[in-house]
Ligand SMILES: [Zn+2]
């Protein structure tokens, strides 16, 4: 029986590899999901069979924002520690994408080269987590945060929490769960955990903002219904929270950023306290949200028993994930592309931009495809007002350019924002209007990012994403 299954596994792997090669040859993109679908049709539960062959097991990373960056940080750290990661790096984070990624890392017989060094690092869509946790039998499951995102797909924040809770409760006690102590919706999952929990948090109060932002969700205690009170808010509803009704509060952190030093155009400097000791970390990214991503990644590394030197080396060697945050030089301008995904994420991006020196050249893209979210009303939850008086160039593009321009106009940032619906014309115009040697911020939603990235890659001579790494 198992010999037959072995043969069928090999057959499924071979078929899927052919599909991937064909898909790439025909220019369908990276071939990241299709082979997974095909393989699952040939041998159901192929992902389970392949994941069981990973010598170091798997890590799952989920949450609304930051999972791609966190997974990439974990991958770099794992590499620095001598593991050979198997990682769904192009962000194909449903089961078929994870299956495709496992297949790609194996040979024609479905075996991994150096299986004893293999660690699966999988970014997992929020709604896919329950299925992935069963299919992949992970060692560590990490949760970043829980925000309102793509309401069309998942409904309310509470429904995602309702999906996660039973998934966490069903994890065997041998699994370590990594939780963001500063996000009450994530921290509360600890109640359901049967195994060990590692909490991470920021404790440097100098990072706090004055008030809860528009995008704050999950501010009400699920036990007693009272609104949380905050002694410090770091972004959105993330901060030092306590329920005045029943006394539930932010748990003590195991991995803590005790000092965060942000300076323009410099890597972030963090002082960390962890069970593996205290150490400093240099993080070549901007924004407090990336401090949280680094904390999540460090926590995963601590759970895996990775030595401190490898953690520091891995994090310092980081370059941002495809499209999420990327700098490249195009026609003598430094183009900084940052994905706009939802109100909380975009508020953090704007905060980081407004902290940089000098007038800003800004190009926003707003599309309304399914992957962007069909309902664009979320832009009214974003605090564009923080850019007031800072814009040298303000251009709105994408299929919903007019909605974006209206929002920017109400934010009273500067003179009326210009509208240029067509992606290529908008990029051309923004590059032409940005003085040579200066920086242009391009802030697209997901589908616009794919198009923007393709154009910039052509103009700046960079390979498409599936050829990277
Ligand atoms: Zn309460």
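Every read-out reported here was derived from the displayed coordinates using simple, explicitly stated rules and does not represent laboratory data. It should be emphasised that the depicted structure is a prediction, and the values quoted were computed from it without experimental measurement. Neighbour counts run over all protein chains shown; Cβ positions are idealised from the backbone, glycine included.
If we sort 402-411, 233-242, 384-393 on the protection proxy, mean other Cβ atoms within 10 Å, highest first, what's the order? All intermediate terms of the calculation are to be shown ahead of the outcome.
Numbers: 402-411: 18.3, 233-242: 24.1, 384-393: 16.5.
Listed from highest to lowest mean packing, they are 233-242, 402-411, 384-393.
Both numbers refer to the Cα atoms of segment 160-275; Rg and Dmax are 15.1, 44 Å. Computed over segment 304-403, the Cα gyration tensor eigenvalues convert (square root of 5λ each) into semi-axes of 29, 19, 14 Å, ordered from largest to smallest.
Length gained on full extension, residue 422 to residue 385: 10.8 nm, using 0.36 nm per residue less the C-alpha separation. When peptides 244-253, 176-185, 329-338, 116-125 are sorted by average Cβ neighbour count within 10 Å, with the highest value leading, the order is 176-185, 116-125, 329-338, 244-253.
Could you give the C-alpha radius of gyration of segment 219-365 expressed as a fraction of 2.2 N^0.38 Å, taking N as the number of residues it contains?
Numbers: Rg = 17.7 Å, N = 147, 2.2 N^0.38 = 14.7 Å.
This ratio for segment 219-365 stands at 1.21.
Once the Cα-Cα distance is subtracted from the 0.36 nm per residue extended length, the residue 194 to residue 327 segment shows a gain of 43.6 nm. Compactness check for segment 325-467: Cα Rg over 2.2 N^0.38 Å is 0.96.
Note: segment 66-115, Cα convex hull, 68 Å³ per residue. Secondary structure note: in the chain, about 40% of the DSSP beta bridges are antiparallel.
Evaluating kT/(6 pi eta Rh) at 37 °C and 0.692 mPa s, with the Kirkwood radius of the chain over Cα pairs in the Stokes-Einstein relation, gives 143 µm² s⁻¹.
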